[in-house]
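Notes follow once the structure below has been shown.
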């Protein structure tokens, strides 16, 4: 039997506020355990929360960027449950009246565009963090708790169950991450937990309209983990069904080392949390003027930037999509493109050698040592014939070490490409005289002989001869 996978994501994004959602404690990452805390975020008796206005502002900005309806009247609720990282035994969240509803994201997978619905966006506070003695909660003998993260503001973005593969889920999360970065509401550092998601996964017989029982995989904090967890869980559920078993509604955790999901607890329904309105916070009322102001301040979003790069800079769809996927990459590209008319050349280097360097060094474009202006100028030198593509790689490698201007390095390293026809003719004639058999082979129709002769000339010129001129002169001399 064939099955259809059904996936919905709940994405939690920490907001880039300086203080927490309901108190003045710092949200800075990496402090010593339990140093960014106070009676409010620890839930001490008598401590009252005060809403951080910037949290609401960021939620509105996100909702508008995702084409959501902004609810002018919304409120906070208490989500009651016991867990060691939740010191007050409830989380301030939003239940029946969230701030945003009914948005969408358009994704592209295998050349096909698909719209993924967004059910809601709501504001809430983060819990603390359990620090396990082992690799995972299931393999640990003990856990410590750090409450620094308790009270850090979050938005939870809940999708419709519209995704049908791990590739679609990855594309959705990547697009959402880009939008959150562009709107500057979150730093989206998945390695620090500021962007993480829960995946609700089920399978149903192909052609069925009734969803199967879902399992929720908690706290996936990388694209690779998301894809692997979905693929494993789908296969687990299919094998369970075909062996005569039944999928149960439960919460599971992902063990990255073992490459498998593990059962944690039965999945709670909304009524299990005994939601009720937060008595210490008044409802949030948002007027049209506030929404209009935030909308007017929205930056250029990824889709608009992609369209601009294709129209104004002549980039193809693939290049533009990859350039705009990360805000900092797009900003680097725009800056580099100011220094050359060859935007395609900039894109080629960024998606090739620049990306290779970032991956090998495990750094981001913000830490890339070559200034955008220098990359643009190097592209100009290639187009002017001063540098061949091969010599440009040498200059690129030196710029990584020194960040000197490319024209300075060309002189220091003696790498100017030879484009003087007289100088190249001399080398061509010497090479032809030294290789009569290759000349005869070429005239006999053996095209590989031409490549050999070009190689000999480039060797004589130490790679400096203009390759196009070399080819043309060789063909001319061997007519």
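The values are calculated or read from the model by the stated rules, or taken from the named source; none is laboratory data. All values reported here derive from a predicted model rather than from experimental measurement. Methodologically, a virtual Cβ is constructed for each residue, glycine included, from the backbone with ideal geometry; neighbour enumeration extends over all protein chains shown.
Side notes on the structure shown:
- Residue in the range 45-52 that is modelled with pLDDT of 90 or more, under 23 Å from residue 291 (Cα atoms) and surrounded by 15 or more Cβ atoms within 10 Å (Cβ to Cβ) present: yes
- Pairing each residue of the range 203-220 that is part of a strand (DSSP E or B) with any residue that is exposed (fewer than 12 other Cβ atoms within 10 Å of the Cβ), provided the two are 6+ apart or on different chains, yields C-beta distances under 7 Å for 204/210; 205/1.
- Qualifying residue in the range 148-169 (condition: modelled with pLDDT of 95 or more, touching a strand residue (DSSP E or B) at 6+ places or on another chain (Cβ under 8 Å), closer than 20 Å to residue 54 by Cα and surrounded by fewer than 21 Cβ atoms within 10 Å (Cβ to Cβ)): yes
- Among (1) part of a helix (DSSP H, G or I); (2) more than 27 Å from residue 105 (Cβ to Cβ) - the single one residue 363 does not satisfy: (1)
- Restricting the search to helices (runs of 4 or more DSSP H) fully inside the range 287-333 and requiring at least 2 residues that are out of contact with any helix residue (DSSP H, G or I) (no Cβ under 9 Å at 6 or more places or on another chain), under 18 Å from residue 56 (Cα atoms) and at pLDDT 95 or above gives 288-296.
- Selection within the range 22-40 - touching a strand residue (DSSP E or B) at 6+ places or on another chain (Cβ under 8 Å) and more than 26 Å from residue 175 (Cβ to Cβ): 22, 25, 26, 33, 34, 36
- The conditions of being at negative phi, assigned by TED's automatic domain parsing to the domain that holds residue 157, at pLDDT below 95 and in contact with a helix residue (DSSP H, G or I) (Cβ under 9 Å, 6 or more places away or on another chain) are not met by residue 204.
- Checklist (1) exposed (fewer than 13 other Cβ atoms within 10 Å of the Cβ); (2) out of contact with any strand residue (DSSP E or B) (no Cβ under 9 Å at 6 or more places or on another chain); (3) touching a residue at least 24 places away in the same chain (Cβ under 8 Å) applied to residue 305, failing item: (1)
- In the condition set (1) over 30 Å from residue 370 (Cα atoms); (2) part of a helix (DSSP H, G or I); (3) modelled with pLDDT under 75; (4) out of contact with any strand residue (DSSP E or B) (no Cβ under 7 Å at 6 or more places or on another chain), residue 424 is compliant with all but (4).
- Filter result for residue 351 (surrounded by 13 or more Cβ atoms within 10 Å (Cβ to Cβ), modelled with pLDDT under 90 and assigned by TED's automatic domain parsing to the domain that holds residue 337): no
- Number of residues in the range 172-201 that are assigned to a strand (DSSP E or B), over 20 Å from residue 109 (Cβ atoms) and over 14 Å from the mean Cα position of the chain (by Cα) equals 1.
- Restricting 397, 440 to those that are at pLDDT 75 or above, out of contact with any helix residue (DSSP H, G or I) (no Cβ under 7 Å at 6 or more places or on another chain) and assigned by TED's automatic domain parsing to the domain that holds residue 346 reduces the list to 397.
- Condition check for residue 39: within 19 Å of residue 193 (Cβ to Cβ), in the same structural domain as residue 287 (by TED's automatic domain parsing) and part of a loop (DSSP other than H, G, I, E, B): no
- Residue in the range 367-377 that is more than 29 Å from residue 325 (Cβ to Cβ) and surrounded by fewer than 17 Cβ atoms within 10 Å (Cβ to Cβ) present: no
- Flag for residue 404 being outside any helix (DSSP H, G or I), within 21 Å of residue 339 (Cβ to Cβ) and modelled with pLDDT of 80 or more: yes
- Residues satisfying the stated conditions in the range 125-156, i.e. touching a residue at least 12 places away in the same chain (Cβ under 8 Å) and assigned to a loop (DSSP other than H, G, I, E, B): 126, 127, 128, 135, 136, 147, 148, 149, 150, 151, 152
- Unique residue being on the phi < 0 side of the Ramachandran plot and in the same structural domain as residue 471 (by TED's automatic domain parsing) when the list is 428, 408, 379, 386: 428
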